[in-house]
Amino acid sequence: KNQVEQSPQSLIILEGKNCTLQCNYTVSPFSNLRWYKQDTGRGPVSLTIMTFSENTKSNGRYTATLDADTKQSSLHITASQLSDSASYICVVSGSGGSYIPTFGRGTSLIVHP
Amino acid sequence: EAQVTQNPRYLITVTGKKLTVTCSQNMNHEYMSWYRQDPGLGLRQIYYSMNVEVTDKGDVPEGYKVSRKEKRNFPLILESPSPNQTSLYFCASSIAGADTQYFGPGTRLTVL
């Protein structure tokens, strides 16, 4: 069964600090991997998308990496801001018959002033 | 404005009283999906639809029904709601299943 595991489950950091969130997956064959940001009580919003041939993708202070060989991805947040407090969800889609996306449970990030 | 809308946003009901949560998208997307989100469990897929008249079960379909008679609408039906269906529900749409999904604002349902 396709699975997406995220770590840590929750994280607390001080404003201005950097942090890295991890995502491991077993989805095969692989099509793409997305990171979503979900503010409390709101729907998730896409941050980045990476395909098999990409190993780094940036969106402002957010940088996602992908290692398709080890089936791992990370989301690095630079110079965190209070508005970064949210849940970050890793979503992996397969190709062929497994194209329905598989969601991780998310990492809850709290940024303290 | 491209968007996914859900109604109602908040609903409190009683056990056994049938209800429908509507979902509509104006982006001509083929793929639509319903999720429920509970603390510590993340988003879990209830049902999805690849196109009009094509629906399929997700991971937690028990107690729910859906229909896809038109491309833009994908209502979620609870024929006999129970307290364990108290949750935050999200509708989402995308061009195809593997593409970026656009989520609605969510419907917070409480079943007493």
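FYI, it's all coordinate maths here, none of it is from the lab. What you are looking at is a predicted structure, and each value in this text was computed from that prediction instead of being measured. Cβ coordinates were reconstructed from backbone atoms using ideal geometry, including for glycine residues, and neighbour counts include every protein chain displayed.
Would you pick out the residues in the range B:1-50 that are within 21 Å of A:Gln3 (Cβ to Cβ), in contact with a Lys or Arg (Cβ under 7 Å, 6 or more places away or on another chain) and among the aromatic types (Phe, Trp, Tyr)?
Residues satisfying the conditions are B:Tyr35, B:Tyr47.
Looking at the range B:86-96, which of its residues are crowded, with 20+ Cβ neighbours inside 10 Å and of a type in the set (Gly, Ala, Ser)?
B:Ser87, B:Ala92, B:Ser93, B:Ser94
Taking the condition among the acidic types (Asp, Glu), surrounded by fewer than 17 Cβ atoms within 10 Å (Cβ to Cβ) and within 14 Å of chain A (Cβ to nearest Cβ), does B:Asp59 pass?
yes
Return the pairs, sorted by first residue and then second, in which the second residue is of a type in the set (Asp, Glu), the first residue lies in the range A:75-92 and is touching a residue at least 60 places away in the same chain (Cβ under 8 Å), the beta carbons are less than 7 Å apart, and the residues are 6+ apart or on different chains.
A:Ser80/A:Glu15; A:Gln81/A:Glu15; A:Leu82/A:Glu15
Could you please give the count of residues in the range A:1-60 that are assigned to a loop (DSSP other than H, G, I, E, B) and hydroxyl-bearing (Ser, Thr, Tyr)?
4
Which one is surrounded by the fewest Cβ atoms within 10 Å (Cβ to Cβ) among residues in the range A:49-87 that are within 11 Å of chain B (Cβ to nearest Cβ) and under 20 Å from A:Asn2 (Cβ atoms)?
A:Thr51
Looking at the range B:73-112, what strands (runs of 3 or more DSSP E) fall wholly within it and have at least 2 residues that are closer than 20 Å to A:Gln38 by Cβ, free of Cβ contacts under 8 Å to residues at least 12 places away in the same chain and within 7 Å of chain A (Cβ to nearest Cβ)? Outline the logic, then answer.
Numbers: elements: B:76-78, B:87-94, B:107-111.
Because the criterion is at least 2 residues that are closer than 20 Å to A:Gln38 by Cβ, free of Cβ contacts under 8 Å to residues at least 12 places away in the same chain and within 7 Å of chain A (Cβ to nearest Cβ), no strands (runs of 3 or more DSSP E) in the range B:73-112 meet it.
Looking at the range B:29-37, is at least one residue over 12 Å from the mean Cα position of the chain (by Cα), away from chain A (no Cβ under 12 Å) and loosely packed, with under 13 Cβ neighbours inside 10 Å?
No, the conditions are met nowhere in the range B:29-37.
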